[in-house]
Structure formats: C-alpha cells, structure tokens
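Enquirer: Structure provided below as structure tokens; questions to follow.
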Amino acid sequence: MLSSEEAARRLGVKVATLYAYVSRGLLESHRDPASRGSLFERTDIERMAVRSRGARQTETRLATVTTRVTQLRQDEGPLYRGRRATELARQASFEEVTAQLWEDGSVGDWRAPDLGPCPLTQTLDRMRWALVMCGASDPLRADERRGAVARSARRVIASLTDVVGPGSRDEGTATPIAARLAHRLGGSGPTAAAVNAALILMADHELATSTMAVRVAASTRADIYDALLAGLATLAGPLHGGASQQAYELLAAAERDGGPRALNDALRWHRRLPGFGHVVYLSGDPRFDALLELAAPLLSAERRGLLDQVVELAAAHDVPPPNCDLALAALSWGTGMPSDSGRTIFAVARIAGWTAHYLEELSERPIRFRARAVYSV
C-alpha cells in the first residue's frame, strides 16, 4: 500500500489530482487506520502509470523500488519503519535503531575484529581499509541469512568506529558506539548524546545515491562487505557525505572573517551556501532542529551566537532553510572535532541504513537495475 503522497509522486501528479482520480472512479482509495489519510494499492498505481505512458510498458529494465525501510515526509523528516527518526534520536540508542532497521531481534556483538595496525592516515582511507579487512577476515562472508548479514554489519560499524583517530581497539561490547566514536573524534564536553542523535538521524534517507549503489550491488548478489564498499565509495563525494565538511569550513570562515564575508565568499566559490536547502525538505529539514537541540548546549556562547548570526543572515536574503549538514558541522566545529568529523559520523551511521536496504534487495529479482541508453552521434 502507498500513501497519498507516495502514490501522487509515482504518478507525477499533485495529491489533489490523485483524489480527483478517485472521485471519477479511476482509482480506489482505502482508509489509513493510522491517520486521517488514504492508502492506495501499489498495483493499481502501477497500472495507471502504464496507462499514462500510452497503455504500454516503458522499454526499460529500470526498477521501481518499493521499500519498507524509510519513508520521507516533508514536515516530519524520515520515518524508520513507521517511527520518526527525530523522536528516536531523543529516545533510543543507535544500536536499538539498527535492530529496528534490520528487523533483527538479537542484541548482537559490537566488538570489532582484530584487523592489525592500519598503515593509512586519512580517516576515510582508514575506514575503507577497515571495511575491506573486515570482509577479508570473514570466512563466511557470502552468508546472506539475515542474522549473518546483521552480524557482519555490526563488525563493520565497530571496526569503522575503532579505526577513527588514535587509540587501541575497543575490546568490550558495553560501551555504546556513539560514546566510542565521540571519544575517538576528540570532541570536548559530553558529546556522546549528540553523536548518538546524529548517528540515528543520518542512519537512512530512503533512496539516496549511496543507498542506490548498495542496492545495485545487492541485486548482483554481491556480499554485504562489497555492497557496503559501493556505498562508501559513493558517499565519499563532496556533494554527498562531504557536504558537512563544506558547512564546517563556512562556520570556521565566519568565525575568522565575519559572517557576511564568509557567506559571500561561499556564494562566490560554491554558487550556493553549504548546509542550506534540501531537495526534499523545501520548508526546512526536521533533522536540523532535532540535532541542533542536543548540539547547541555544547557550543560556547560566542559560537552559538555566530551560528545564529549565519542562519539569520541567510534567512534575511531568502536562502533556503538550514539542513542536517549544518547541524553536523555545528556539532563538529563547536566541540573541537576535526573538519571531516561530519562525514565520519555520516559514514558510520549510514552502514545501518545500507544494511537494511541490502537485506530488502535480496528478496527482489536479481540484476533488476538495467538502464537503457539513448545513443547520440
């Protein structure tokens, strides 16, 4: 079943047009027991989508991805299997949310395997190394059973956490991932609660580009480690996982040169303001407020005032509202973490969502993602 918003998006029409179809007898709606809205049979929507293309199937093998993992709502943000991520960020641990996303009832072992010393220095390179080594050290890496995949994902999350920054491998399972990661990032003050919220809020965002990369790999029946590596490679791009670092640099420049000059320079070089605007949340990213609520008390009064100045200056010039990248940047910048800490948190968090989509994709037809090219001379 699809919500009104999802059905309208699939058909490329407004919700009002969708209900006009219902009143004309072209579609049947069903009452949503959880809200005052309506639900629509996915098969009915797909049949209407075919009719709108001239009563013929589109000549392509591109898949329509139906998911039960995450739903995006303009005013609420992401919902993980029906629960608001913004509420989970205040009420749950990251480990509890991963269990919900993976539909895995076990507590699990969150220890990282002993991978030996990492020869690399850059954080993202160290995380890639840890992921490759996790797969190489797993004798049954091809096991696609849900419990086995969840076990592998926990090993990866723990390894990516423990390879960040200096220090030895965490031998225990009692210390939460958020506390371990906050410690390794070197943030000042009680940052663990804010890092936990960030991990939850960044865990999944429907079919983001990195998630699609994971699902494409899963459709070829690549094992979980190789699929996660595809996601990590895509997340490395500056327009995806690296976006919070650009927002961090904006805040650092505002502290050094003043807010107006920093914003003007960002517009000159980026043609946009890093950390502002979102293609889904046109009226504001709900994840920004949820994360800033926990991050703001960790900032000094001066830095909190500077952040407010940057947001107010952007709003005064009709710049779109701030997004989660600015909140991640504020957490990192305001607590003395490295400039790439937002991407690090993002990468660790998104392993949870990628794994959920990987498991879901295993139940679909293999190799179902095949785009058709239009040859041009």
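The values are calculated or read from the model by the stated rules, or taken from the named source; none is laboratory data. This is a predicted model, so every value here is computed, not measured. Positions of Cβ are backbone-derived with ideal geometry, glycine not excepted, and every protein chain shown enters the neighbour counts. Remember, those area values only see protein heavy atoms, side chains included, never the ligands or the DNA or RNA. Shrake-Rupley method; radii C 1.70, N 1.55, O 1.52, S 1.80 Å.
Matching residues to (1) closer than 22 Å to Ala182 by Cβ; (2) open to solvent by 10 Å² or more (accessible area, probe 1.4 Å); (3) in contact (Cβ under 8 Å) with a residue 40 or more places away in the chain; (4) part of a helix (DSSP H, G or I):
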{"site": "Arg272", "(1), (2), (3), (4)": "no, yes, no, no"}
{"site": "Leu282", "(1), (2), (3), (4)": "no, yes, yes, no"}
{"site": "Ala296", "(1), (2), (3), (4)": "yes, yes, no, yes"}
{"site": "Glu302", "(1), (2), (3), (4)": "no, yes, no, yes"}
{"site": "Ala315", "(1), (2), (3), (4)": "no, yes, no, yes"}
{"site": "Ala327", "(1), (2), (3), (4)": "yes, no, yes, yes"}
{"site": "Ala330", "(1), (2), (3), (4)": "yes, no, yes, yes"}
{"site": "Met337", "(1), (2), (3), (4)": "yes, no, yes, no"}
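Enquirer: Next question, about the same structure. Sort out which residues of the range 222-270 are open to solvent by 70 Å² or more (accessible area, probe 1.4 Å), in a helix (DSSP H, G or I) and not basic (Lys, Arg), and write them in order of number.
Expert: Across the range 222-270, the qualifying residues are Asp226, Glu249, Glu255, Pro260, Asn264, Leu267, Trp269, His270.
Enquirer: What's the number of the only condition in (1) touching a residue at least 24 places away in the same chain (Cβ under 8 Å); (2) open to solvent by 10 Å² or more (accessible area, probe 1.4 Å); (3) not aromatic (Phe, Trp, Tyr) that Arg84 fails to meet?
Expert: All conditions pass for Arg84, except number (1).
Enquirer: Here's something else I'd like to know. If Val214 satisfies every condition in (1) part of a helix (DSSP H, G or I); (2) open to solvent by less than 60 Å² (accessible area, probe 1.4 Å); (3) in contact (Cβ under 8 Å) with a residue 24 or more places away in the chain; (4) in contact with a Lys or Arg (Cβ under 8 Å, 6 or more places away or on another chain) but one, which is the exception?
Expert: Of everything listed in (1) part of a helix (DSSP H, G or I); (2) open to solvent by less than 60 Å² (accessible area, probe 1.4 Å); (3) in contact (Cβ under 8 Å) with a residue 24 or more places away in the chain; (4) in contact with a Lys or Arg (Cβ under 8 Å, 6 or more places away or on another chain), Val214 misses just condition (4).
Enquirer: Let me ask another. Inspect all residues belonging to the range 122-133 and state whether any of them is assigned to a loop (DSSP other than H, G, I, E, B) and touching a residue at least 40 places away in the same chain (Cβ under 8 Å).
Expert: Within the range 122-133, not a single residue is assigned to a loop (DSSP other than H, G, I, E, B) and touching a residue at least 40 places away in the same chain (Cβ under 8 Å).
Enquirer: Right, here's the next one. With respect to Ala112, is the statement that it is modelled with pLDDT of 95 or more and either touching an Asp or Glu at 6+ places or on another chain (Cβ under 6 Å) or hydroxyl-bearing (Ser, Thr, Tyr) (or both) true?
Expert: Spelling it out, it is not the case that Ala112 is modelled with pLDDT of 95 or more and either touching an Asp or Glu at 6+ places or on another chain (Cβ under 6 Å) or hydroxyl-bearing (Ser, Thr, Tyr) (or both).
Enquirer: Give the number of residues within the range 2-45 that are closer than 21 Å to Arg83 by Cα and in contact with a helix residue (DSSP H, G or I) (Cβ under 7 Å, 6 or more places away or on another chain).
Expert: 7
Enquirer: Take Leu239 and decide whether it is among the aliphatic types (A, V, I, L, M) and farther than 18 Å from Gly277 by Cα.
Expert: On the way: among the aliphatic types (A, V, I, L, M): yes; farther than 18 Å from Gly277 by Cα: no.
Spelling it out, it is not the case that Leu239 is among the aliphatic types (A, V, I, L, M) and farther than 18 Å from Gly277 by Cα.
Enquirer: Does Ala314 satisfy the condition of being out of contact with any strand residue (DSSP E or B) (no Cβ under 8 Å at 6 or more places or on another chain) and among the aliphatic types (A, V, I, L, M)?
Expert: No.
Enquirer: Out of Leu294, Leu273, Leu263, which single residue is at pLDDT 90 or above and in contact with a helix residue (DSSP H, G or I) (Cβ under 7 Å, 6 or more places away or on another chain)?
Expert: Leu294
Enquirer: Can you name the residue in the range 152-167 that is open to solvent by 10 Å² or more (accessible area, probe 1.4 Å) and touching an Asp or Glu at 6+ places or on another chain (Cβ under 7 Å) and is also farthest from Gly353 (Cα to Cα) among such residues?
Expert: Filtering first and then ranking leaves Asp162.
Enquirer: Now, a different point. Quick check on my filter: what residues within the range 1-25 are among the small types (Gly, Ala, Ser), closer than 16 Å to Gln74 by Cβ and part of a helix (DSSP H, G or I)?
Expert: Ser4, Ala7, Ala8, Ala16
Enquirer: Report, by residue number, each residue of the range 174-211 that is open to solvent by less than 20 Å² (accessible area, probe 1.4 Å), in a helix (DSSP H, G or I) and β-branched (Val, Ile, Thr).
Expert: Ile177, Val195, Ile200, Thr211
Enquirer: Give all pairs with beta carbons closer than 8 Å in which a residue from the range 26-37 that is farther than 14 Å from Glu6 by Cα and of a type outside the set (Ser, Thr, Tyr) meets a residue that is modelled with pLDDT under 80 and surrounded by fewer than 11 Cβ atoms within 10 Å (Cβ to Cβ); count only pairs at least 6 apart in sequence or on separate chains.
Expert: From the range 26-37, no pairs qualify.
Enquirer: Sticking with this one: Please work out which residue is most open to solvent (accessible area, probe 1.4 Å), limiting yourself to the range 105-127 and to residues that are small (Gly, Ala, Ser) and more than 23 Å from Gly186 (Cα to Cα).
Expert: The extreme case among them is Gly105.
Enquirer: Something else about it: Quick one: is Ala130 crowded, with 18+ Cβ neighbours inside 10 Å and of a type in the set (A, V, I, L, M, F, W, C)?
Expert: yes
Enquirer: Give the number of residues within the range 319-377 that are at pLDDT below 95, among the aliphatic types (A, V, I, L, M) and under 25 Å from Thr64 (Cα atoms).
Expert: 4
Enquirer: Identify, please: which residue in the range 24-63 is polar (S, T, N, Q) and modelled with pLDDT of 70 or more and is, among those, least open to solvent (accessible area, probe 1.4 Å)?
Expert: Ser38
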